[in-house]
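Report on the following structure.
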Amino acid sequence: MKKNTQINTGINSWMEALNESERNRILNASETLTYNKGETIIKQGTLASQILFVEDGIAKLNFQTGERDTTFSFATNGDFIGLMCSFVKKRLEFSAVAITNTTVRIIDREVFENLIENNGQFAVYVVKLMSELTNGVVHTLITLSHKNVNGAVATLLLTLSRLYDSGKLQIPFTRDEMADALGYSKESIINTLSAFHQDKIISISGRNLEILQPSALVLISEKG
């Protein structure tokens, strides 16, 4: 665990609502921790006692019921993890697992709350962000039981494209790891990627991927 000496304002766009003194407070009251691929960032059932923000990497958010562990969302560069649950002293009902090496900024919750109390612009930003996150999660959970492997793979590819800010990228994990992240068999993942390739929605060779028809991928993600 190490403390950063700089703040990447490009990633941390939410800090634009803070003045220099407030940014320094965040910096001094936070530290970064890098999790190796496959390592648990949040264990389901732990207390919501800190604010977690992804500065680099990808994490999957899982909800476990019985023996079934379902991935319902991903957190990538510039995303908070569990912000909606961070202001209640209750246990988190999901887990977060790094699917690439992932660097997370861990922020003291009391400092974060104090900035909300004393900076109206920042408070409004956080409320809007939490509303957007809530809406996204609700939408995902409503459609989760109806999402097939095509929709799941399309969602993952769009997430990767957002992370790398490019339609051309190298997939950072194996087909086995994709299958584990999405809850489908390796064969289903391979067949889906092959079908997308044959339909010229994507071009894929090994881990090298190019999204050729992003609008088609969005449609599959929403309807699949």
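Just so it is clear, none of the values below were taken in a lab; they were calculated from the coordinates. Predicted model only: the values in this text are computed from it and were never measured. Cβ: placed from backbone, ideal geometry, glycine included. Neighbour counts: every protein chain shown.
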Looking at (1) 54, 38, 31; (2) 50, 36, 32; (3) 52, 42, 34, which value of Cα extents along the principal axes in Å comes from a calculation on the structure shown?
(1)
Looks like the stretch 149-223, by Cα gyration tensor root eigenvalues a ≥ b ≥ c and the a/c under 1.5 rounded cutoff (else prolate when a/b is bigger than b/c, oblate otherwise), is rounded
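If R0 is 35 Å, what FRET efficiency do you get for Val127 and Thr70 from their C-beta distance, rounded to 0.05?
For Val127 and Thr70, the calculated efficiency is 0.80.
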For the chain, the dipole about the Cα centre with charges only on Cβ (Lys and Arg +1, Asp and Glu -1), to the nearest 20 debye, works out at 240
Of the listed pairs Lys200/Lys223; Lys37/Lys186; Lys43/Lys186; Lys60/Lys200; Lys43/Lys168; Lys128/Lys223, which have alpha-carbon separations greater than 21 Å here?
Lys43/Lys186; Lys60/Lys200; Lys43/Lys168; Lys128/Lys223
Along each of the three principal axes of the Cα atoms of the stretch 13-144, give the extent in whole Å, ordering the values from largest to smallest.
46, 31, 24
Put +1 on the Cβ of each Lys and Arg and -1 on the Cβ of each Asp and Glu in the stretch 13-144; which of Gln44, Asn119, Ser86 then has its Cα farthest toward the positive end of the dipole?
Gln44
